[in-house]
Amino acid sequence: KEIQQFGGRIEQFIGDAIVAVFFNHDDEKSNSIDSAINAAIAMRLRHDEMQRNRKNKGLFVYEIGVGIEHGELTTGMISTGVRSEFIVLGQARVMAEQLETESKLGRFSRIVTSAFIKKQNTQNLKFKKLNGSENFEIQI
């Protein structure tokens, strides 16, 4: 829900992971970085609420992590006759997946970005460098 709310497109489900992409559009004043960050923050806040409810009911709680990167991608449809699938390929996707893996090192939001994303920050967000990494965690 939060991904689509901020203009993202879900590309793929891999186990319990979601791969989403946020496009810049030439004909609009869109900012895919801000959109991705806003979606991640909304997801984090919603997750925190869900975990409080789960804990109050005596259910197990779990964490989520988000990796955000920016770059050029190759996108398209792959069809095998009866089945078609939207696919996103490129270094930015690979890096975003690596950043998500590093989110386990996070102590605040577990939303991890590259230095490039941090430099593009237009929302006056606070970032904290991850210990043992060149990447950053958004503090919310």
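Here are the numbers:
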{"read-out": "Stretchable slack from L105 to K126, in nm (0.36 nm times residue separation minus alpha-carbon distance)", "value": "5.9 nm"}
{"read-out": "Within the accessible area of segment 81-140 (1.4 Å probe), percent carbon and sulfur", "value": "50 percent"}
{"read-out": "Per-pair calculated FRET efficiency, R0 = 22 Å: A17 and N53 via Cβ, rounded to 0.05", "value": "0.45"}
{"read-out": "Area of D34 that stays accessible when all protein chains are in place (1.4 Å probe, Å², to 10)", "value": "30 Å²"}
{"read-out": "Whole-Å distance, taken between Cα centres, linking segment 109-140 and segment 37-93", "value": "18 Å"}
{"read-out": "Ordering of 115-126, 99-110 by burial proxy (mean other Cβ atoms within 10 Å per residue, highest first)", "value": "99-110, 115-126"}
{"read-out": "Correct choice for mean projected area of the Cα convex hull in nm² that was computed from the model, options (1) 8.7; (2) 10.2; (3) 7.8", "value": "(2)"}
{"read-out": "FRET efficiency for A42 and S84, using Cβ-Cβ distance with R0 set to 30 Å, rounded to 0.05", "value": "0.55"}
{"read-out": "Accessible area per residue, Å², the chain with all protein chains present, probe 1.4 Å", "value": "66 Å²"}
{"read-out": "Of K55/K104; K57/K129; K55/K129; K57/K128; K57/K104; K55/K118, pairs whose Cα-Cα distance is over 28 Å", "value": "K57/K129; K55/K129; K57/K128; K55/K118"}
{"read-out": "Relative contact order (percent, whole number), the chain, Cα cutoff 8 Å, 6+ residue spacing", "value": "18 percent"}
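The values are calculated or read from the model by the stated rules, or taken from the named source; none is laboratory data. In this text, all values refer to a predicted model and were calculated from it rather than measured experimentally. Every residue, glycine among them, receives a Cβ derived from its backbone with ideal geometry; neighbour counts consider all protein chains shown. What goes into the accessible areas is simple: the full protein's heavy atoms, side chains included, and nothing from ligands, DNA or RNA. Shrake-Rupley method; radii C 1.70, N 1.55, O 1.52, S 1.80 Å.
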